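Heads up: the structure comes next, in structure tokens.
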Amino acid sequence: MSDKVYGGKCTSCGTVSYPRRAVCPKCRNESFEKVAIEGEGKVLTYTDVYALAIDYETRYLRLAIVELDSGQRATGQLLADDPKLGMRIKTTIGVVREQGEREIHGLQFVPV
Amino acid sequence: MKPVYIAGAGMTKFGRAEWSLIRLASEASRSALHHANLGEIPVDGVVVANMGAARVNKQTALGSALVDQLALYPAMAEAVENGPASGASAFKVGVQAIASGMADVVLVTGVERMRTVNGLEGTDFVASLSHPEAEYIYGVTLPSLAGLFARLVMDRFGVERKHLAMVAIKNHLNATKNPYAHIQQTVTMEGILTLPEAAVNNPPIAEPLHMFDCCPVSDGAAAVVLVSEDVAAKLGGPKVRVAGIGQATDTHAVHDREDPTDLKAVRLASEKAFAMAELKPSDVDVVELHDAFTILEIVESEAAGFFPRGEGHLALERGETALDGKLPINPSGGLKAKGHPVGATGVAHLVELTWQLRGEADGRQVKDAKTAYACNFGGFGNNVVASVLQREAK
């Protein structure tokens, strides 16, 4: 299991790509160093989704796009009872999907 | 580029199909070929649009399968998969074949048969277009991306749930005039929003979006016959020209966009299509947009250039996009009520617009429609094809 989620920081211009990609969209450089997508930030938008994909047995799932203080954005699960646009959150890593025996870890956001 | 014309258009009724995938494709194709009335003129190429057959119907190589059904061998044939934009992508491939001089007659058929699997499996198959590591693993589905997008747009531009409901009400009403539409039922503001019962009638799907903000899951097929200028001249009849096509892409993950409320690929694809057509949005008489979710009709109507940014919901409120408005949007009933067999949708847009431009749209005919626009929205906006069609004077 991975205890972090990583983006790729361009070794030439420093732009962080998350998700990672093969070529930097800013300067077209092709080498990156791993950088963790973590820290505090705010909820940019969220939804409670009832139209779930397979693998989920809950009634609904609370998903969010957050903007971290580093400027980086990420999609993940929002573990907040009373979500609001702009609310402060921090990242954690948890089980975001279970495919049979396999647990998939990823970003979860909790209120600060 | 050589001029390209649409000589025929046909489709199956959208909904739950009894027919096999290939039977659906074949029925829509036959209808389009009869409409074109080619006589002895051979079909040079077949392009099939489809997203999910490999997974949902366990069938691949649909181009070959359709050629066989229609006994069109030795025509060139292939299938195009480009997510929900497969239909207009296949159309583009067909247009390219004629514009380049490689073919004179090309059949473009979009088909999807997705009600063979249960809702979970169907939702998951479409969700497979999202980013595998940065979106899909979190339980992201298309409705959830639309919900995230809708909340941001509503907060920023003052769009309210009543505006979303207005899209549904308008498109359901239009669909009652379209015998090919999946859902032939009107809805009211009271029934889906303002009465207490609305909470039951219209449950949440991906907040702030509710059931009547989302298209149904449909089976169906749609087809157009594309021809060169020479063939169009031989056929006579009304001439619908493919005036422009534009396509543009954007980041795979929605969160990765500089401004996630900006449908940049719609904007760029439309600009390209209008530039190629040497026309502008104000020249357009009738529009088909990709309203898989009600919010998309509003924002696409702005990104395509018909209304200023943040004002699409105001034009809707003023009735401008109604069937009798200044710029009718989705006279067919849209994906919302006509249905959304994913691979067929982009072709079905062009079928409706061809009928509109030929004056054959019966109870939903937009008067004197001469120029038409369609937007086929793939991914969640990461791959968009815009088309401009124009009726030529004889």
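The values are calculated or read from the model by the stated rules, or taken from the named source; none is laboratory data. Owing to the predicted nature of the structure, the values given are computational and were not obtained by experimental measurement. Cβ placement follows ideal geometry from the backbone for every residue including glycine, while neighbour counts extend to all protein chains displayed.
Take the conditions within 17 Å of the chain's Cα centre (by Cα) and at pLDDT 95 or above and apply them to B:Glu278. Does it pass? Criteria not met by B:Glu278.
Conditions (1) within 14 Å of chain A (Cβ to nearest Cβ); (2) free of Cβ contacts under 8 Å to residues at least 60 places away in the same chain; (3) more than 21 Å from the chain's Cα centre (by Cα); (4) under 26 Å from B:Ala36 (Cα atoms), marked per residue:
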| site | (1), (2), (3), (4) |
| --- | --- |
| B:Ile205 | yes, no, yes, no |
| B:Pro216 | yes, no, no, no |
| B:Asp219 | no, no, no, yes |
| B:Leu235 | no, no, yes, yes |
| B:Pro238 | no, no, yes, yes |
| B:Ala243 | no, no, no, yes |
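Screening B:Asp259 with (1) part of a loop (DSSP other than H, G, I, E, B); (2) more than 12 Å from chain A (Cβ to nearest Cβ); (3) of a type in the set (Asp, Glu); (4) out of contact with any helix residue (DSSP H, G or I) (no Cβ under 6 Å at 6 or more places or on another chain) gives one miss only, at (2). Exactly one residue out of A:Thr45, A:Thr15 is closer than 19 Å to B:Tyr138 by Cβ, surrounded by 14 or more Cβ atoms within 10 Å (Cβ to Cβ) and of a type in the set (S, T, N, Q): that is A:Thr45. Kindly check whether there is at least one residue in region B:187-199 that is more than 30 Å from B:Gly39 (Cα to Cα), more than 21 Å from the chain's Cα centre (by Cα) and within 14 Å of chain A (Cβ to nearest Cβ). Yes: region B:187-199 contains one or more residues that are more than 30 Å from B:Gly39 (Cα to Cα), more than 21 Å from the chain's Cα centre (by Cα) and within 14 Å of chain A (Cβ to nearest Cβ). For A:Ile65, the conditions (1) within 11 Å of another protein chain (Cβ to nearest Cβ); (2) out of contact with any Pro (no Cβ under 8 Å at 6 or more places or on another chain); (3) on the phi < 0 side of the Ramachandran plot all hold with the exception of (2).
Name the residue that is nearest to the other protein chains (Cβ to nearest Cβ), counting only residues in region A:85-112 that are in a loop (DSSP other than H, G, I, E, B) and more than 24 Å from B:Phe149 (Cβ to Cβ). Checking each candidate, the answer is A:Gly100. One residue alone among B:Lys170, B:Lys162, B:Lys177 is more than 8 Å from chain A (Cβ to nearest Cβ), assigned to a helix (DSSP H, G or I), surrounded by fewer than 22 Cβ atoms within 10 Å (Cβ to Cβ) and not aromatic (Phe, Trp, Tyr), and that residue is B:Lys162. Tell me, yes or no, whether region B:115-133 has at least one residue that is touching an Asp or Glu at 6+ places or on another chain (Cβ under 7 Å), away from chain A (no Cβ under 14 Å) and outside any strand (DSSP E or B). Yes.
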